[in-house]
1. Could you please state, rounded to a whole Å, how far the C-alpha centre of the range B:229-252 is from the C-alpha centre of the range B:14-92?
2. What residue among A:205, A:257, B:82 has its Cα farthest toward the positive end of the dipole of the protein assembly as shown, where the charges are +1 on Lys, Arg and -1 on Asp, Glu, each on the Cβ?
3. Name the residue, out of B:191, B:242, B:182, whose mean-square fluctuation peaks in a Gaussian network model built on chain B with Cα pairs under 10 Å.
4. Straight distance only, please: which aspartates and glutamates reach the Cα of residue A:28 with their own Cα at less than 19 Å, same-chain residues fewer than 8 apart left out?
5. Tell me the angle of helix A:218-231 to the major Cα principal axis of chain A, expressed in degrees between 0 and 90 and rounded to the nearest ten.
6. Between B:100, B:204, B:171, which gets the highest mean-square fluctuation from a Gaussian network model of chain B, Cα cutoff 10 Å?
7. Residues of the range B:75-96 with accessible area at least 50 Å² lower in the all-protein-chain context than alone (1.4 Å probe)?
8. With a 1.4 Å probe on protein heavy atoms only, tell me which residues of the range A:61-110 lose at least 30 Å² of accessible surface in the complex relative to the chain by itself.
Amino acid sequence: MTAITLDRPVPALGGFTLTYLRLELVRKIRNPRGLFFTVAFPVLMFFIVGYQLLDTPLTDTPIAAGGVSVAAYIMVSMAMYGAMMSATQTGASVAAERAQGWTRQLRLTPLNPLVNVAVKTIAGMMFGLVAIIATYLVAMIAGVELSAVQWIVSGLAAWLLAGAVFTTLGLMVGYMVPGENVAQITSLVVVLLAFLGGLFFPLSNMPDFLQTIGRLTPVYGIGELARSPLTGEGFDLGALINAVVWLAVFVAGTVYFFRRDTRRS
Amino acid sequence: MTSSTTRPPAAIDARGVVKSFGSVHAVRGVDLTVQPGEIVAFLGPNGAGKTTTIDMILGLTNADAGSIEVFGHTPRGAVARGLISAVLQTGGLLKDITVRETVELTASLFAERRPVDEALERAGILELANRRVGLCSGGEQQRLRFAMALVSDPALLILDEPTTGMDVEARRSFWSAIRADAARGRTVMFATHYLEEADEYADRIVLMSRGSIVADGTTAEIKNLVSGRVVQLTLPNADLTALSAVPGVDSVETAGDRVTVHTRDSDGLARHLLTTTEARDLEITAQNLESVFLALTTEPAASIDAPTHLAASVDAPLNGAAR
């Protein structure tokens, strides 16, 4: 065997490797519960809620005249729900791995802590995209009709907006309360927010006070933005403000609790 | 470092290192130099500051004052280059991936590394490679941590109570692997509470107590620190005051007719006993590491005169040994 050398390089990109990303994806595939809630659940919910509304027009334009169905609205919402769930798990897994001591083990390697979060974020975003594509494909086969621009813009908007707002929400909670049960808690919170924010049925069907609350949740803004390509009426300023403010709050919270956490160790 | 005129940098060069947690002074000014290729045992009771010192050498914790260099780099710089790695008791593992995947992942994070199977084989877990980590026993997980530490081919390996939970045979094969490694120039520093491990496998022992290094030298030097030997004899109605007055005697204890004397001059004591008293069945033994350990690390108030004398003699032989 050769002698031990002392002159060694530092790895590039803060230790980012495709091996790590691949293993993160493998871990997600091996987790049946996570797979169900991010990919299977949105598809299932589209069938239960959306399928029967294929012929119900969303706007004043009848479907025969090229109008969009309520089923399409449900499709975007459900796809978004999958992307939200996947994004939230990123933060939850950071919290769990900290509690298990894995993060400490990783600090014996060149891996930069921010690169670690980046790898998990990318893996979470990839699964979010899988959830959206799966829901859209099934809906397309079931008979939802949209223009090419509507398919692509609503899909991309749902993916990126859910990814940005809910990855940061998950990370903030993950750094705030370390523990292995953060995943269950945040999943519950996301389900509740999805209901209140009009993801499972439109806010207009709810009592007035719930509508007011619903408009303030972090799901409402991004949901309205992602669905706006369907109606062709654009989105209201309130939705945009909602999305921007919540994203800012979660980013600031993540930075604050991340710093508090690294100081403590 | 590349210049041929300068000596290679020390594996560890710590100077005046201080660390407090609130009002707890965990480490109170540690100076420690470890040369490449040394096998150093790091001994001390719980709360002595061993783990905090190890954490600072690894860059997991920052020192409040003082400096630490590892092969001429900052601790984090040495970690980033794969020059230092460790088997820590606190390090967690991912339960949902396999043993081989864990080592693959670790290897991928370093710029230079050994083959994954080689690390698995040297840690003795090649046959477990496809097992999920969550299904491995505590001892198997400890060997997995060892494989993870080996895969970057570190020049300095730090082990925090590495053989806890291993049986005698596993412990023996573990240490022979460590020995073979050190022969290639790998520096090893291990914390342990098995005194016989320190005695048997280390070239050098560093003893820590209450945040300071209280002894540092070869095993033989450390044993000599607690002045000399233990003399045991049978003497009915022994005059303890007279025995205590014999030059060199540190302490006298009796159990029935059997008397145990700690002395720095066993020859003088034996001469005195055999010529002026009725003492018989005389036995003279060297101090074992355990009694040294106890003498050097117990609270001063709890022991007799010995520690005061020790505190004065500790520094002299040590500084020489540390260089």
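1. Cα centroid to Cα centroid, the span is 43 Å.
2. In the protein assembly as shown, that residue is A:205.
3. B:242
4. A:97, A:180, B:96, B:101, B:104
5. 50 degrees
6. Residue with maximal mean-square fluctuation among B:100, B:204, B:171: B:171.
7. Those are B:80, B:81, B:92, B:94, B:96, which lose 50 Å² or more relative to the chain on its own.
8. Going by heavy-atom accessible area, the residues of the range A:61-110 that drop by at least 30 Å² are A:100, A:102, A:104, A:105, A:107, A:108, A:109, A:110.
The values are calculated or read from the model by the stated rules, or taken from the named source; none is laboratory data. Here the structure is a predicted model, which means the values were calculated and not measured. Note that each Cβ is placed from the backbone with ideal geometry, even for glycine, and that neighbours are counted across all protein chains shown. Only protein heavy atoms, including side chains, enter the accessible area calculation; ligands, DNA and RNA are left aside. Shrake-Rupley method; radii C 1.70, N 1.55, O 1.52, S 1.80 Å.
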